[in-house]
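A quick write-up on the structure given underneath.
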Amino acid sequence: WVYNVRSSGKIAFLQVRDGTGFCQAIVSQQEVPGPVWEAAQQVTMESSVQVTGIVSKHPKKEEYELQVRDLVIVHRAEEYPISKKEHGPDFLLNHRHLWLRSPSQWAIQRVRNAIINATYEYFGQNHYIKIDAPILTPTSCEDTTELFELDYFSGEVEAGGRKAYLTQSGQLYIEAAMFSHGRVFDFGPVFRAEKSKTRRHLTEFWMMDAEHAFVDYVGNMDVQEALVKHIIHSVLDHNQYELSILERNIAPLEACVKPFVRITHADAVAQLQNMGSDIKADDDLGADDETLLTKQYDVPLFVMKYPAKIKAFYMKPDPDDPTRALCADLLAPEGYGEIIGGSERIADYDLLVKRLEEYKLPRAPFEWYLDLRRYGSVPHSGFGYGLERLTAWICGIQHIRETIPFPRMINRLDP
Ligand code: 4AD
Ligand code: MG
């Protein structure tokens, strides 16, 4: 494909790409037969072509070029809507099916793919089993206000006239599988009816959840830290070309070899108040708070022990202070904020029943989940990362909508 073309008299410069990378193909009128030169004149932006030629090194740069000997047009493209000039985000998102071809979007998807591969590699090396959690579920895993509800054969007697919900996280299901395999993870699309139009929220995104037996909330952070380091290491090893296209300053990524910082929510609140935030002791960290806080550190930051009442029902309370949960969010540096949420889980049956009641959650759909605490319950913990947030940080992209091939947000379902 020709992503750009320019001609200067007797020489045509075709910027070509083949999916694996980019290269300049040079057609010189003097060196090709007449019909090849004429074909080169016909080439438009995003035409598909077959070019044959001799590879030569660029006289000045560390790049290789193609001295064209033959050129066949496979398809001559109509006038391409995305030009070199600046386009607004709405225009680009409306043309997402074409925008995906541009070098920066190509680079982002390659890094996303590298993160996925590195994740599988890490879990494979550490004896985790991948479990595929269901997408259609009878109940909620996280915040009930953000559930996408759908009609599940409500007219059919056989189905009992039910509602179903699109999953918000596979966590509860991989907890069940953890009792079979010890260490498990899932990786799949999740859905949240987020009404917020922020740069970190999508309504459909990809989450990786991991769950491990006999691991407490500290061990849980250790696994997250090792996983994130493995991912960064792998991207720095394999994706320098993509990072350079994105003009990503890699120094902050390289800094992540150092130990990640771990502070409590109470300490985070105190620090934020000192920096002028109006956050209160029992508040969740807002996006601005996270940005402010992460700019203080050059490595990812775990914020531990949030107030239990602002976190999910399944999180184990701190035995030393039951108003706090044995949880941690991992915040990415450079202002990116939360990329992982995780916690130790409640292993005790009676306590879990009590928490379901406190959260006013219906008992029946959670009966199976309670079974996990009836038969061989063990201390365990887990976490989940948002692939788009992780990709945005590693690529240095401001808005996560560019990190997923076809973003879905409150105001976008097309293309
Ligand atoms: O913190 P969350 O809500 O945690 C869970 O769902 C747990 N069940 C995970 C677990 O313990 N297994 O979501 C996990 C991560 C967040 O840290 C964030 O990176 C991402 O998912 N995330 C979103 N990404 C894009 N758009 C949204 N609307 C997101 N909501 C959460
Ligand atoms: Mg969270």
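No lab work stands behind these numbers, since they all come straight from the coordinates. In this text, all values refer to a predicted model and were calculated from it rather than measured experimentally. Reconstructed Cβ throughout: ideal geometry from the backbone, glycine too, with neighbour counts over all protein chains shown.
The figures follow:
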| read-out | value |
| --- | --- |
| Loop-resident sites, segment 4-62, for GluC sites (Glu not before Pro), counting at most 11 other Cβ within 10 Å (DSSP) | Glu62 |
| Rounded if a/c under 1.5, otherwise prolate or oblate - segment 207-340, Cα gyration tensor axes | oblate |
| Once the Cα gyration tensor of the chain is diagonalised, semi-axes √(5λ) in Å | 48, 25, 20 |
| Bridge type composition, the chain - antiparallel percent by DSSP, nearest 5 | 90 percent |
| Links that overshoot a 18 Å alpha carbon limit, given the list Lys258/Lys295; Lys195/Lys360; Lys309/Lys360; Lys85/Lys197 | Lys195/Lys360; Lys85/Lys197 |
| Normalised contact order of the chain, rounded percent, pairs of Cα under 8 Å and 6 or more residues apart | 14 percent |
| Net dipole in debye of segment 120-215 [+1 Lys, Arg Cβ; -1 Asp, Glu Cβ; about Cα centre; nearest 20] | 320 debye |
| Charge dipole (segment 102-177, unit charges on Cβ, about Cα centre) - positive-most of Tyr120, Leu172, Thr139 | Tyr120 |
| R0 of 25 Å, Cβ-Cβ distance Lys354-Asp216: FRET efficiency to nearest 0.05 | 0.75 |
| Förster radius 25 Å - calculated FRET efficiency between Asn249 and Lys57, Cβ distance, rounded to 0.05 | 0.35 |
| Over segment 61-203, relative contact order from alpha-carbon pairs under 8 Å, at least 6 apart, % | 20 percent |
| Total charge dipole magnitude, the chain, about the Cα centre, Cβ charges on Lys, Arg, Asp, Glu only, Debye to nearest 20 | 900 debye |
| Gyration tensor (alpha-carbon) shape descriptor, segment 177-248, a/c threshold 1.5 | oblate |
| Segment 134-200: GluC sites (Glu not before Pro) in DSSP loop, at most 12 other beta carbons within 10 Å | Glu156, Glu158 |
| Computed magnitude of the charge dipole of segment 179-321 (debye, nearest 20; Cβ of K, R +1, Cβ of D, E -1) | 220 debye |
| Per DSSP, loop trypsin sites (Lys or Arg not before Pro) in segment 1-66 with at most 16 further Cβ within 10 Å | Lys10, Lys60, Lys61 |
| Simple label model, 7 Å out from Cα along Cβ direction - Leu361 to Asp283, nm | 2.7 nm |
| Rounded, prolate or oblate (a/c below 1.5 giving rounded, otherwise prolate when a/b exceeds b/c) for segment 1-100 by Cα gyration tensor | prolate |
| Charge-dipole axis of segment 1-151 as Lys and Arg at +1 and Asp and Glu at -1 on Cβ define it, positive-most pick from His58, Gln24, Tyr80 | His58 |
| With 5 Å bins from 0: P(r) over segment 309-415, alpha-carbon pairs, percent | 2, 11, 16, 15, 14, 11, 12, 12, 5, 1, 0 |
| Cα-projected label distance for Gln273 with Ile116, points at 7 Å along beta-carbon direction, nm | 4.5 nm |
| Rel. contact order, % - alpha carbon contacts under 8 angstrom, at least six apart, segment 134-193 | 39 percent |
